[in-house]
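Here the structure comes first, spelled out in structure tokens, and everything after it is commentary.
Quick note: the coordinates plus some simple rules give every number you see, no bench work behind them. Computed from a prediction, not measured in an experiment: that's the story for all the values here. Neighbour counts are summed over all protein chains in view; Cβ atoms, including those assigned to glycine, are modelled from backbone coordinates with ideal geometry.
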Amino acid sequence: MRVVLGVGGGIAAYKSAELVRALQQQGHAVQVVMTQAARQFIQPLTFAALTGRKVIEGLFSEASPEETLSSAVEHIAVAQEHDALAVAPATADLLAKFAHGLADDFLSTLYLAFTGHVVLAPAMNNAMWEHPATQENVAKLRARGCRIVEPEEGWLACGSIGPGRLANPVAIAQEIDLLGIQKKDLEGETVLITAGPTQEPLDPVRYVSNRSSGKMGYAIAEAAARRGAKVVLVSGPVNLAAPRNIETIQVRTAQEMRKAVMEHLKQATIIIKSAAVADYYASEVPKQKLKKTATRLSIELDPTPDILAEIGQSKGDRLLVGFAAETQNLIEEARRKMNSKKCDMLVANYVNQDGIGFESDRNEVEILSRSGEIAHAGPADKIEIAEKILDQIATLRLSLHAADARA
Ligand SMILES: Cc1cc2nc3c(=O)[nH]c(=O)nc-3n(C[C@H](O)[C@H](O)[C@H](O)COP(=O)(O)O)c2cc1C
């Protein structure tokens, strides 16, 4: 692979030289980009000598106008020519810049222009790492598909003990190396995915909804695209950016979600219904805002369309994957739902456990198949869970194709 290695201004910058060596030993070509602050910690000459390439340091070239013209948009060219962007050490400042889309130096501009894999290896003082601002930035970047190589616990250069030490350069190199063997087992498939909650209006300002964040569905959509599938994502209202290079249809209500799903059903070979569709809606929504009165308010709700059951009735040879969020009797409820909705597979999780499920970046699920097998995944980042779910789907798809071929 062609890897751009961004080096930030932290004590651990000297370890990036070891990372360069580890990547080269794995057969990767490395181009180093250093920030201004990084040069306070390590000389560009070290990287230039190791890579045999000029280290990129600034957004604006100091070369002559003629030379500048040939590389005037170097950050775009570098973005297009490389398969992976790794940043080690990823300082608190760089994480904040990436999370917020700032582009005031070469590395942060390159991050925005980069459409390939991004691996971030943070390193900093433990209080900086644990600060809510840093943690929110990391969560945001993770939700966007960046791989975070977590810092290790131990003695830090500042004298304190805790999480914040740069992960072992060999482990970071392995993480980057794994990207190169990206599975392409969903090539030729068209995956239709629903994600997020729906909102069912009660009046012009109020609605019934649920706590689904859409993170699980978005992670599956992005992972399926990485694995070679054409992906159509039908999303309820969420606070997530539409994934790059994925056709995303934004909907609000269960009715709108049904319509969008039915319109795209024909082209789909795999349908993954991870959305938390509201079960009830108000069929008669008043035109004016409901007024507060001292008396009890009763609102009549009707069942929303059961999209999963409807697809199950006429799915043909499409592979149908449902989701079940439960607070008790997980496996029994999941099995009942899988059978009654005619799903081929069902992903079930508890939603009453702290730190996983709704609104979280992490999840723990049971993946039930019609054959009776149950695969467990997690607790892990939703990106990792997404890969495990797709592993199961790809295996099932393969076995169904093989059965068809035998028939
Ligand atoms: C001696 C020293 C060590 C530092 N080590 C770190 C560090 O390990 N991690 C970090 O996030 N910031 C560290 N900083 C702060 C960064 O250098 C500072 O936030 C800088 O703006 C980061 O620049 P960058 O965006 O180019 O990485 C350190 C600062 C000093 C003076």
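Worth pointing out:
- Computed P(r) (all Cα pairs; segment 190-406; 5 Å bins; percent): 1, 7, 15, 19, 20, 16, 10, 6, 3, 2, 1, 0, 0, 0
- By other beta-carbon atoms within 10 Å, ranking ILE331, ILE367 with the fewest at the front produces ILE331, ILE367.
- Ranking VAL119, LEU23, GLY58 by Cα position along the charge dipole of the chain, where only Lys, Arg, Asp and Glu carry charges on their C-beta atoms, puts VAL119 farthest toward the positive end.
- Comparing the chain with the 2.2 N^0.38 Å rule of thumb, its C-alpha radius of gyration ratio is 1.12 (two decimals).
- Partners for LYS287 among aspartates and glutamates (Cα-Cα distance below 12 Å; same-chain residues under 8 apart left out): ASP203
- ALA127-ASP279 pseudo-label distance in nm [points 7 Å out on the Cα-to-Cβ vector]: 4.9
- Counted by neighbouring Cβ atoms within 10 Å, the residues LYS230, LYS54 run from fewest to most as LYS54, LYS230.
- Mean Cβ neighbour count within 10 Å, used as a protection proxy, ranking 170-180, 11-21 highest first: 11-21, 170-180
- For the chain, the relative contact order works out to 11 percent when only alpha carbon pairs closer than 8 Å and six or more residues apart are counted.
- Crossing angle, helix 382-406 versus the chain [Cα axis fit, 0-90 degrees, rounded to tens]: 60
- Counting 0.36 nm for each residue step from ALA113 to ALA96 and taking away their Cα separation leaves a gain of 4.5 nm.
- Protection proxy ranking, highest mean first, for peptides 23-36, 370-383: 23-36, 370-383, where packing is the per-residue count of other beta-carbon atoms within 10 Å, averaged.
- Distance (nanometres) between label positions extended 7 Å along Cα→Cβ at ARG370 and ALA403: 0.5
- Going from the fewest other Cβ atoms within 10 Å to the most, the residues LEU141, LEU186, LEU102 appear in the order LEU102, LEU141, LEU186.
- In this calculation the C-beta distance from ASP354 to ALA241 is compared with R0 = 30 Å, giving a FRET efficiency of 0.65.
- The relative contact order of segment 83-186, computed from alpha carbon pairs under 8 Å that lie at least 6 residues apart in sequence, is 28 percent.
- Cα gyration tensor shape for segment 165-319, rounded if a/c is under 1.5, else prolate or oblate: oblate
- GLU152/THR295 FRET efficiency (R0 60 Å; Cβ-Cβ; nearest 0.05): 0.50
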